[in-house]
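Accompanying notes for the structure given below.
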């Protein structure tokens, strides 16, 4: 979206902007990873190969969702991006694409419970940091 907005190109907004997504700033993702580093998983001695739990294993590993757990409507994301860029997007509203889902977000309950994970970068702060980086990196 950023490149298109700055280039005066239309952005395609599927589902007429009614999507909700869990946008997560990279610093919050890194924090989630760091929290798990000193706590390696152990095998689940109760794991049953005939009724496997996809979040557990007999092997010493564990899967965590890392995200913000706060879905944001796509139009709010676009509005924050427009504000940070100081420029309105030219939008082409389109229907929901086949196979897409209206809402997704990361359930971080296990990460919160086990490691006190708390993402703290707001969508506005994350976008402002991204736009600052983007302008510096691409010299625009």
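Scanning the stretch 109-140 for residues that are surrounded by 11 or more Cβ atoms within 10 Å (Cβ to Cβ), in contact with a helix residue (DSSP H, G or I) (Cβ under 8 Å, 6 or more places away or on another chain) and not in a helix (DSSP H, G or I) yields 117, 118, 119, 121, 140.
Yes/no per residue for (1) assigned to a helix (DSSP H, G or I); (2) on the phi > 0 side of the Ramachandran plot; (3) in contact (Cβ under 8 Å) with a residue 24 or more places away in the chain:
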| site | (1), (2), (3) |
| --- | --- |
| 23 | no, no, yes |
| 36 | yes, no, yes |
| 40 | no, no, no |
| 43 | no, no, no |
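Residue 81: in contact (Cβ under 8 Å) with a residue 24 or more places away in the chain, out of contact with any strand residue (DSSP E or B) (no Cβ under 7 Å at 6 or more places or on another chain) and part of a loop (DSSP other than H, G, I, E, B), yes or no? Answer is no for this residue. Restricting the stretch 44-71 to residues that are surrounded by 10 or more Cβ atoms within 10 Å (Cβ to Cβ), modelled with pLDDT under 80 and under 21 Å from residue 33 (Cβ atoms), the residue that is nearest to the chain's Cα centre (by Cα) is 55.
The values are calculated or read from the model by the stated rules, or taken from the named source; none is laboratory data. All figures in this text were calculated on a predicted structure; none of them were measured in a lab. Every residue, glycine as well, gets a Cβ built from its backbone with ideal geometry; the counts of neighbours run over all protein chains shown.
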